[in-house]
1. If each residue of separation counts as 0.36 nm, what is the full-extension length gain between residue 136 and residue 235 once their alpha-carbon separation is subtracted?
2. Quick one: order 37, 53 by neighbouring beta-carbon count within 10 Å, fewest to most.
3. Suppose only helical runs count, i.e. DSSP H with n ≥ 4. What mean residue ellipticity at 222 nm does that imply for the chain under -39500 (n - 2.57) per run, divided by all residues and rounded to the nearest 500 deg cm²/dmol?
4. Which GluC sites (Glu not before Pro) from region 145-251 combine a DSSP loop assignment with at most 11 other Cβ atoms within 10 Å?
5. Within region 99-162, report the GluC sites (Glu not before Pro) that DSSP leaves as loop and that have at most 15 other Cβ atoms within 10 Å.
6. Using DSSP, restrict attention to beta bridges with both residues in the chain and report what percent are antiparallel, rounded to the nearest 5.
7. What do you get for trypsin sites (Lys or Arg not before Pro) in region 109-216 restricted to DSSP loop and a cutoff of at most 16 other Cβ within 10 Å of the site's Cβ?
8. Suppose we keep just the alpha-carbon trace of the chain; what are its Rg and Dmax in angstrom?
Amino acid sequence: MVKNYSKKIIGISSGKGGVGKTTFSINLSSALYKLGVPNVIVDGDISNANLSVQLGFKHNIPTIQDLMEENLNPRYAIRIHSTGLRILPAAISLDRGDVDLKRIKKYLIPLQETLIIDFPPGVAKNTVDLMRACDELIILTTPEVASLTDSLKTLDLARKYKKPIKGIVVNRAVKDKYELSIDELQIMCETKLLGVIPEDKNVRRANFECMPYVFRYPNSRAAIETMRIASGLLSKPYCEPKLNFLKSFFN
C-alpha cells in the first residue's frame, strides 16, 4: 500500500459523451490499485449507467440509488470484479435516473477510502452536484475541436465552483494532421497535461472481454500510459516494463 496517500474523491469528467470516460475511470482505478492504492469506482451517470455492464456485472442490487433512497451503508452495494477492482454501481433502469445527487457525498464518506467517480457527460445539474462532492477533478478529452470545446465548458464550470483541477488527459490520440497538437490543447485549456493515451485496439478487446485493459493487456500502449498517469498522481516515478517492445510485438 502507498503510504501517506490521502484518501480523495476524484471526479472524471468531460463535456462530451463518447470520449472513453467510463473506460478511463475503470483503468485509472485499476492502475491505482496495482500501485497499492485501494479505491472504489462510483458510477455517477445515474441516468445512463453502464459502468457495471462494462465490467460484466449482470444484476446490481443495491445500487447507489438504493443507498440514497433507503439510507443504506455504501459497503452493502460494492461489487468486486475478478481483478479485485471494486465498484459502486448505479441502476440501469430508466425510472431510477431521477435521484437527486446533491447529498451524495454524505453517502460516500463512510467508505473512508479513495473514490473515483465516473461523471455523466455534459454540464447538467447532476454534473454540478457530483463536482461539488469531489476533492479534485480530471478532465478527459479527445484531440478533436468538438471534444475540446465541450471540455472547456467543464473546466469553466469547475473554476466557477472553485474546484481543484488535477489536469487533463487526452484520450484516443492518433497524432495525425487531423488532430489538435498537444501544445494547442495545453494553450487552450490552461491546465496541466497529465498524459496522452494513444488509440489502441487492445482497449476495445479488453472492453469486449469485460476486463480493464490495465489488467488484461498490461504491455499495451494504453495500459502503460495509464499506469504512467496514475504514478504521476502519486508523485511516483514510473518504470516501463523491461523489454516491453518485444512483449508488445509478440502480443
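1. 34.1 nm
2. 53, 37
3. -10500 deg cm²/dmol
4. Counting only loop positions with at most 11 other Cβ atoms within 10 Å, the GluC sites (Glu not before Pro) in region 145-251 are 190.
5. 113, 144
6. So the antiparallel bridges amount to about 10 percent of the total.
7. Sparse-neighbourhood loop trypsin sites (Lys or Arg not before Pro): 162, 175, 177, 192.
8. Cα radius of gyration and Dmax of the chain are 17.3, 53 Å respectively.
Quick note: the coordinates plus some simple rules give every number you see, no bench work behind them. Computed from a predicted model, the values in this text were never measured in an experiment. Glycine gets a Cβ as well: all are built from the backbone with ideal geometry, and neighbour counts include every protein chain shown.
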